[in-house]
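Colleague: The structure is given below, and queries will be raised subsequently.
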Amino acid sequence: MSAPVEKPALPPGVQPEWRGETYHGRPVTKASGFDWKVSFYIVTLGVAGASQVIAAIARARPEGAGLARRARLLALGGSIVGPLVLIRHLKTPRRWYNMLRIARPTSPMSLGSWLLAGFGALSGLAALGEMLGRRLPFARRVADAAQGPAAVAGAGMSVYTAGLLASTSTPLWAAAPAPLAAQFGAASMAGAASALALAQRAAGEEASARRLETLAMLAGVAEMLAARETERRWEAKGLDRPIRTGEAGALNGLGGKALGILLPLAAHGAGRAIGGRAGTLLPELASFAMLLGGAAMRHSVLLAGNESACRPEHAFRVTQEARR
């Protein structure tokens with residue numbers, strides 16, 4: 001009778017490989033309390049931030065005064081409405097100012113709070129100077145001086161929420177931080193360009209609206225490529241099931257991809273080919289669809305992340321990958 005084969009001893013400090021065991025099947029991590037209000041905040045601030053980037057570009061062009069004005073106002077509106085909805089989501093809404101008591105560089109939440117405060121202040125200066133600039137030349141100079149920093153802060157606003165999600169212990173969010181940030185940033189630019197294209201068409205500035213629609217389509221393609229890389233990383237780590245099934249899967253597939261990217265691309269292309277009245281209606285339809293699809297995509301990521309947090313095997317896979 002042969003002697004049993006003994007397993008080699010592990011080096012000191014090395015944990016044995018996880019084999020699927022959990023403590024009575026209980027989740028290792030706790031799902032977040034994020035709901036539609038957080039999704040609304042992410043979408044609104046992303047669009048507002050990208051609008052400031054567009055405003056900075058438009059302000060540098062002689063014919064871009066109207067677009068710059070509308071982009072600044074859209075950014076100001078988003079920087080007001082978004083935080084109000086987020087404050088409503090807090091457990092103690094009357095104590096929202098506690099987030100600004102300290103500035104901690106190692107805390108994404110702390111940095112995000114100060115980034116939001118700075119972006120709101122700069123957006124207010126830019127919009128106020130825009131509104132008073134005709135009567136007060138000094139106000140216009142203040143607005144122009146605030147535009148550069150506002151655009152930088154706006155670029156940060158369009159991606160920082162992805163970094164905030166990725167810094168948590170939720171497996172799905174933490175598994176692909178860079179492509180998720182690129183996906184959120186591209187969706188923010190697509191949403192801002194779509195919203196401003198609608199505003200430009202309403203103001204009768206057709207040429208500017210067409211350029212914005214082209215920008216929105218390019219951003220949509222970039223979002224699609226970033227989403228493919230994000231999902232590839234999730235699939236490689238065995239975390240992709242929540243984003244492919246259930247409510248999150250439907251929102252991501254039918255809302256984020258079909259409504260938010262494929263339909264706008266088809267409608268935009270058909271509108272350019274057909275021309276006439278359809279050439280106006282189809283791009284407008286594409287802009288509305290891109291805004292709704294971008295919101296569906298963000299909400300699907302929140303839902304899938306919360307489901308991932310409830311799956312013990314997901315948490316173990318991520319922690320084991322980090323240890324390697």
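The values are calculated or read from the model by the stated rules, or taken from the named source; none is laboratory data. Note that the structure is a prediction, hence the values are computed from the model and not measured. Please note: Cβ atoms are built from the backbone with ideal geometry, for glycine as well, and neighbour counts cover all protein chains shown.
Colleague: Going by what's in this entry, would residue 214 be described as outside any helix (DSSP H, G or I), farther than 14 Å from residue 297 by Cβ and β-branched (Val, Ile, Thr)? Give the derivation first.
Modeller: On the way: outside any helix (DSSP H, G or I): no; farther than 14 Å from residue 297 by Cβ: yes; β-branched (Val, Ile, Thr): yes.
The answer is no for residue 214.
Colleague: Same structure again: Residues 65, 75: which one is in a helix (DSSP H, G or I), of a type in the set (Gly, Ala, Ser), buried (at least 19 other Cβ atoms within 10 Å of the Cβ) and not assigned by TED's automatic domain parsing to the domain that holds residue 199? Write out each step before concluding.
Modeller: Details: 65 fails: buried (at least 19 other Cβ atoms within 10 Å of the Cβ).
Result: 75 is the single residue among 65, 75 that is in a helix (DSSP H, G or I), of a type in the set (Gly, Ala, Ser), buried (at least 19 other Cβ atoms within 10 Å of the Cβ) and not assigned by TED's automatic domain parsing to the domain that holds residue 199.
Colleague: I'd like the full set of residues that are of a type in the set (Ser, Thr, Tyr) and modelled with pLDDT under 75, limited to the stretch 1-60.
Modeller: Narrowing the stretch 1-60 to residues of a type in the set (Ser, Thr, Tyr): 2, 22-23, 29, 32, 39, 41, 44, 51.
Matches in the stretch 1-60: 2, 22, 23.
Colleague: Being out of contact with any Asp or Glu (no Cβ under 9 Å at 6 or more places or on another chain), touching a residue at least 24 places away in the same chain (Cβ under 8 Å) and not assigned by TED's automatic domain parsing to the domain that holds residue 301 is true for just one of 153, 203, 145, 195. Which residue is that? Before you say what the answer is, go through the steps one by one.
Modeller: Details: 203 fails: not assigned by TED's automatic domain parsing to the domain that holds residue 301; 145 fails: touching a residue at least 24 places away in the same chain (Cβ under 8 Å); 195 fails: not assigned by TED's automatic domain parsing to the domain that holds residue 301.
Exactly one of 153, 203, 145, 195 is out of contact with any Asp or Glu (no Cβ under 9 Å at 6 or more places or on another chain), touching a residue at least 24 places away in the same chain (Cβ under 8 Å) and not assigned by TED's automatic domain parsing to the domain that holds residue 301, namely 153.
Colleague: Let me ask something additional. Go over the candidates 95, 70, 101, 88 one by one and state the one that is buried (at least 18 other Cβ atoms within 10 Å of the Cβ) and either charged (D, E, K, R) or in the same structural domain as residue 192 (by TED's automatic domain parsing) (or both).
Modeller: Numbers: 95 fails: buried (at least 18 other Cβ atoms within 10 Å of the Cβ); 101 fails: buried (at least 18 other Cβ atoms within 10 Å of the Cβ); 88 fails: buried (at least 18 other Cβ atoms within 10 Å of the Cβ).
Answer to the selection: 70.
Colleague: Still on this model: Determine whether the stretch 130-140 contains at least one residue that is part of a helix (DSSP H, G or I), at pLDDT below 90 and under 19 Å from residue 199 (Cβ atoms). Working first, answer last.
Modeller: Taking the stretch 130-140 first, the residues part of a helix (DSSP H, G or I) are 130-132, 137-140.
After this cut, where a residue has to be at pLDDT below 90 as well, the list is 130-132, 137-140.
Add one more test, that the residue is under 19 Å from residue 199 (Cβ atoms), and what stays is 130-131.
The answer is yes, given that some residue of the stretch 130-140 is part of a helix (DSSP H, G or I), at pLDDT below 90 and under 19 Å from residue 199 (Cβ atoms).
Colleague: Against the condition of a type in the set (Val, Ile, Thr) and assigned to a loop (DSSP other than H, G, I, E, B), how does residue 168 come out, does it pass? Give the steps one after another, and end with the answer.
Modeller: Numbers: of a type in the set (Val, Ile, Thr): yes; assigned to a loop (DSSP other than H, G, I, E, B): yes.
Criteria met by residue 168.
Colleague: Would it be correct to say that residue 188 is of a type in the set (Ser, Thr, Tyr), touching a helix residue (DSSP H, G or I) at 6+ places or on another chain (Cβ under 6 Å), touching a residue at least 12 places away in the same chain (Cβ under 8 Å) and crowded, with 24+ Cβ neighbours inside 10 Å? Please lay out each step first, then the result.
Modeller: On the way: of a type in the set (Ser, Thr, Tyr): yes; touching a helix residue (DSSP H, G or I) at 6+ places or on another chain (Cβ under 6 Å): yes; touching a residue at least 12 places away in the same chain (Cβ under 8 Å): yes; crowded, with 24+ Cβ neighbours inside 10 Å: yes.
Yes; evaluated as a whole, the condition is true for this residue.
Colleague: Considering only the stretch 193-205, how many residues are exposed (fewer than 14 other Cβ atoms within 10 Å of the Cβ) and farther than 14 Å from residue 74 by Cβ?
Modeller: So the answer is 1.
Colleague: Every residue in the stretch 289-324 that is in contact (Cβ under 8 Å) with a residue 40 or more places away in the chain, of a type in the set (A, V, I, L, M, F, W, C) and either surrounded by fewer than 16 Cβ atoms within 10 Å (Cβ to Cβ) or under 19 Å from residue 33 (Cβ atoms) (or both), please.
Modeller: Those that are in contact (Cβ under 8 Å) with a residue 40 or more places away in the chain, of a type in the set (A, V, I, L, M, F, W, C) and either surrounded by fewer than 16 Cβ atoms within 10 Å (Cβ to Cβ) or under 19 Å from residue 33 (Cβ atoms) (or both): 301, 302, 303, 304, 309, 310, 315.
Colleague: Further question on the same structure: Give the residue, chosen from 238, 271, 256, that is in contact with a Lys or Arg (Cβ under 6 Å, 6 or more places away or on another chain) and either closer than 20 Å to residue 316 by Cα or crowded, with 16+ Cβ neighbours inside 10 Å (or both). Can you show your working first?
Modeller: Details: 271 fails: in contact with a Lys or Arg (Cβ under 6 Å, 6 or more places away or on another chain); 256 fails: in contact with a Lys or Arg (Cβ under 6 Å, 6 or more places away or on another chain).
Going through 238, 271, 256 in turn, just one is in contact with a Lys or Arg (Cβ under 6 Å, 6 or more places away or on another chain) and either closer than 20 Å to residue 316 by Cα or crowded, with 16+ Cβ neighbours inside 10 Å (or both): 238.
Colleague: For the stretch 227-242, check the following and say yes or no: at least one residue is among the small types (Gly, Ala, Ser), under 22 Å from residue 267 (Cα atoms) and either touching an Asp or Glu at 6+ places or on another chain (Cβ under 8 Å) or touching a residue at least 12 places away in the same chain (Cβ under 8 Å) (or both).
Modeller: Let us first name the residues in the stretch 227-242 that are among the small types (Gly, Ala, Ser), namely 227, 236, 238.
If we keep only those that are under 22 Å from residue 267 (Cα atoms) too, we end up with 227.
Still in the running and either touching an Asp or Glu at 6+ places or on another chain (Cβ under 8 Å) or touching a residue at least 12 places away in the same chain (Cβ under 8 Å) (or both): 227.
Yes, because at least one residue in the stretch 227-242 is among the small types (Gly, Ala, Ser), under 22 Å from residue 267 (Cα atoms) and either touching an Asp or Glu at 6+ places or on another chain (Cβ under 8 Å) or touching a residue at least 12 places away in the same chain (Cβ under 8 Å) (or both).
Colleague: Considering only residues of the stretch 27-85 that are in contact with a helix residue (DSSP H, G or I) (Cβ under 7 Å, 6 or more places away or on another chain) and of a type in the set (Lys, Arg), which is farthest from residue 295 (Cα to Cα)?
Modeller: 59
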